[in-house]
Amino acid sequence: MTSGAEGASGLPARQNPPESPAQVNAELFEQMLEQQAETLRVRKEEIELQKQQDVHNYEFAKASLSTQAEDRERQRSAARAARRDRMYFSGFVILVLSGFVGYSLFLGREEFARETLKALVFLGAGGLGGYSFARTRGRNGAQSASGG
């Protein structure tokens, strides 16, 4: 009969002899080298992922800056168009008022034309004064809000 320590061929199973301290140290050293190699491989992958993330962040930043530049250009263009439209409107109003005053003078209504011009001067001065006051107040409010 075969005992439990025998192999399938009937020969006794081969057992590893107890390892010497030199063999244990060599195996331990081999495991440490394998662990360090694995750690280096993982670190290399992390560095590659970080590089890839940096490239994506760079591309996103370039696209963002390009979009901001386009938006600022559109904003300046819209402000320029609004300013141009206000100038055209102001010119039209001045032309109509000049025509009205000229027509009054043509009809011989000098006193009416004088009073109209006086009212327009006072309204214009009040409007400019209010505009400059609001603009100055807005600028001072922005400075005080920013800590100035």
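The values are calculated or read from the model by the stated rules, or taken from the named source; none is laboratory data. All values reported here derive from a predicted model rather than from experimental measurement. For neighbour counting, all protein chains shown are included, and Cβ atoms are generated from backbone atoms with ideal geometry for every residue, glycine included.
Among the residues of segment 14-38, how many are assigned to a loop (DSSP other than H, G, I, E, B) and either modelled with pLDDT of 85 or more or among the small types (Gly, Ala, Ser) (or both)?
So the count comes out to 1.
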- Does residue 131 satisfy the condition of being surrounded by 10 or more Cβ atoms within 10 Å (Cβ to Cβ), of a type in the set (Phe, Trp, Tyr), modelled with pLDDT under 90 and under 42 Å from the mean Cα position of the chain (by Cα)? yes
- Query: If only one of 100, 89, 60 is touching a Ser or Thr at 6+ places or on another chain (Cβ under 9 Å) and either under 30 Å from residue 115 (Cβ atoms) or part of a helix (DSSP H, G or I) (or both), which one is it?
  - Reply: 100
